[in-house]
Amino acid sequence: MFRSAVVRSLRASVPRAVKTPAPFQIRSSPVARPAQFAPRFAYQGVRLYSAPAGLNKDEVEGRIVNLLKNFDKVSDASKINGASHFANDLGLDSLDTVEVVMAIEEEFSIEIPDKEADSIHSVDKAVEYILGQPDGNSLNMNVMRGLGVDWGI
């Protein structure tokens, strides 16, 4: 008697709308039709052919300036700006300049060949080199200069 009362109580508390879904069954037919295997809902996949936005000059310059501010060999961080020369303005020697170029490589995840690394002696030159790389910006600076575009670098 107690058992039947508990069963009746539990049946009354469970909503009637809850049903277990029937398993998906494919009817057998002599010819398989694609409609049988199609899902109940249709969706359309979308492809996005876009590249990430390239770096702009201010962003590159800001990252290099922050890198130099955290460099322990720089004596006066107030002299660091977009036109700072590593040796003349910041007092870095040639070995320090090599360390700065290596830090720039790590910061931007690029590899600068030795020939180009020897020509980077200022923040301007580093920004120009990074923006000139295919991964540095979506537009090649040399092509844009040939078209008469001046970015002020």
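The values are calculated or read from the model by the stated rules, or taken from the named source; none is laboratory data. All values derive from a computational prediction rather than experimental measurement. Using ideal geometry, Cβ is built from the backbone for each residue, glycine included, and neighbour counts are taken over all protein chains shown.
When segment 56-94 is examined, which residues are found to be under 20 Å from the mean Cα position of the chain (by Cα) and among the small types (G, A, S)? Before you say what the answer is, go through the steps one by one.
Initially, segment 56-94 is screened for residues under 20 Å from the mean Cα position of the chain (by Cα), giving 56-64, 66-67.
Across segment 56-94, the qualifying residue is only G62.
For segment 77-118, a tally of residues being under 17 Å from L67 (Cα atoms), in a helix (DSSP H, G or I) and of a type outside the set (F, W, Y) returns 17.
Somewhere in segment 45-54, is a residue assigned to a loop (DSSP other than H, G, I, E, B), of a type in the set (S, T, N, Q) and at pLDDT 85 or above? Break it down into steps so the answer makes sense when it comes.
Within segment 45-54, the first condition is being assigned to a loop (DSSP other than H, G, I, E, B), and the residues that meet it are 45-54.
Pick out the ones that are also of a type in the set (S, T, N, Q) and you get 50.
Now restrict to residues that are at pLDDT 85 or above: none.
Scanning segment 45-54 turns up no residue that is assigned to a loop (DSSP other than H, G, I, E, B), of a type in the set (S, T, N, Q) and at pLDDT 85 or above.
For segment 66-94, filtering for residues that are of a type in the set (A, V, I, L, M) and closer than 12 Å to V123 by Cα leaves 6.
The residue pairs whose first member lies in segment 101-120 and is free of Cβ contacts under 8 Å to residues at least 60 places away in the same chain and within 14 Å of G132 (Cα to Cα), whose second member is of a type in the set (S, T, N, Q) and assigned to a helix (DSSP H, G or I), and whose beta carbons are closer than 9 Å, counting only pairs six or more residues apart or on different chains, are A117/T97; I120/T97.
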